Every structure is written in structure tokens, then in C-alpha cells.
1. Only one of (1) closer than 17 Å to residue 57 by Cβ; (2) exposed (fewer than 13 other Cβ atoms within 10 Å of the Cβ); (3) modelled with pLDDT of 85 or more is not met by residue 195, so which one is it?
2. Looking at (1) surrounded by fewer than 17 Cβ atoms within 10 Å (Cβ to Cβ); (2) at pLDDT 90 or above, which one does residue 208 not meet, given that it meets all the others?
3. Within the stretch 153-162, can you find the residues that are surrounded by 12 or more Cβ atoms within 10 Å (Cβ to Cβ) and assigned to a helix (DSSP H, G or I)?
4. Cβ-Cβ under 7 Å, sequence separation 6+ or interchain: first residue in the stretch 184-200 and closer than 18 Å to residue 148 by Cα, partner part of a helix (DSSP H, G or I). Which pairs?
5. Regarding residue 182, is this residue closer than 16 Å to residue 79 by Cβ and part of a helix (DSSP H, G or I)?
6. Against the conditions (1) modelled with pLDDT of 80 or more; (2) part of a helix (DSSP H, G or I); (3) within 30 Å of residue 139 (Cβ to Cβ), where does residue 14 fall short? Just the number, please.
């Protein structure tokens with residue numbers, strides 16, 4: 001996760017034309033990058049294939065600092081939404097599994113004591129682990145939501161956004177990315193169109209408020 005976070009930050013710094021405040025030791029070497037990107041497909045063709053063209057909603061006529069802030073907010077909000085979706089899915093799966101287990105135990109005609117000793121107690125540690133995972137994952141989503149709200153409040157403020165604020169938000173984004181909970185690829189693909197549509201709509205709304 002640390003290496004992925006460093007690569008994502010490197011890309012953001014390049015796109016946002018921001019200075020690099022610290023050298024990340026977790027970044028891959030030039031040789032490793034060459035091995036990763038070596039392909040018969042051009043960079044633009046790969047970006048088109050992965051549907052990455054125009055991922056950031058940018059209006060050239062809008063002030064640069066606010067455009068970067070809107071993109072940073074979009075990053076935080078997008079991840080917040082995706083993580084919350086993952087928590088809801090795992091919570092639903094856990095609830096269905098527990099319900100099925102209880103129903104099966106009841107229909108099997110086992111005595112209540114046997115159900116407790118033979119069914120409920122053995123799975124209790126696993127259930128507690130899942131509950132703790134869901135709680136910590138939900139908290140991770142809240143951290144990203146808090147960052148998105150912080151950036152949004154500054155965008156909506158009449159005072160201009162400073163470069164130091166953008167750098168501070170970028171550093172915070174990197175720290176959050178290093179601890180981002182894993183989300184299944186199928187869930188990411190399932191939610192991608194919905195999340196990106198909402199992200200672009202939010203960016204347009206923030207820009208319209210400043211006009």
C-alpha cells in the first residue's frame with residue numbers, strides 16, 4: 001500500500017504541477033518503472049483502455065488553485081464513498097451468514113445449550129474480528145470524508161486558497177492512502193460509473209458556486 005500511495009502521489013504532483021516536499025523511499029526505481037510500463041501499447045492507448053482520460057474534472061477557465069482543490073476533494077470523496085460501499089457489502093454478507101447459521105441451528109432441533117457451545121461460541125471470535133474490521137474501515141472512510149468536507153469549506157469560502165493549503169491537503173491525502181483498506185476489484189468496477197458521475201457533478205457544482 002505504501003508503494004501504491006507513493007506512486008499515486010507522484011502522479012498527482014505531476015498533474016497538479018506541485019513541488020515535491022519530500023522524497024518517498026517507497027517509490028519504485030527508474031528500472032522498476034521501465035519494467036512496469038514496457039509495452040507495445042502507447043501510454044495514451046493504455047489510458048483510454050483503462051478509461052482514465054479526463055478522470056479529473058478540469059475547467060481551464062477556472063482559477064488554478066481552486067481547480068487543484070476540487071480535484072483533491074474529489075479524490076477524498078471518491079475513496080470515502082467506495083470504502084463505505086465495501087463496509088455495507090461486508091456487513092450485509094456477515095448478517096446473512098449469521099442469520100443462516102442461526103436458522104440452520106434452530107431447524108436442526110439442537111438444544112439451546114448445544115447451539116451456544118457448538119455453534120455460537122466457536123464463531124464468536126471470528127464475528128468479533130469482522131466487527132472490529134468493519135468499525136476500523138468505517139472510521140477510515142470518515143477520515144476521508146472529513147478531508148473532503150474541509151477542502152469543500154475552503155473552496156466555498158471567499159478567501160483565496162493558498163499553495164501551502166494545497167500542499168498540506170496533498171500530504172494528508174498521502175497519509176490516508178497508505179492505510180486505505182482494500183476494496184475488491186468487482187466492487188470498484190460496479191461502483192465506478194456511479195461514483196465518477198457523482199464526482200463530476202460535484203465538481204461542476206463547486207465551480208458554479210464561485211461564478
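The values are calculated or read from the model by the stated rules, or taken from the named source; none is laboratory data. A quick note: this is a predicted structure, and the numbers were derived from the prediction, not measured. Don't worry about glycine lacking a Cβ; one is built from the backbone with ideal geometry, like all the others, and counts go over all protein chains shown.
1. (2)
2. All conditions are met except number (2).
3. So the first thing to find is which residues in the stretch 153-162 are surrounded by 12 or more Cβ atoms within 10 Å (Cβ to Cβ), and the list is 154-155, 161.
The answer is 154, 155.
4. 195/78; 195/81; 195/82; 199/74; 199/77; 199/78
5. Values: closer than 16 Å to residue 79 by Cβ: yes; part of a helix (DSSP H, G or I): no.
When the stated conditions are applied, residue 182 does not pass them.
6. (3)
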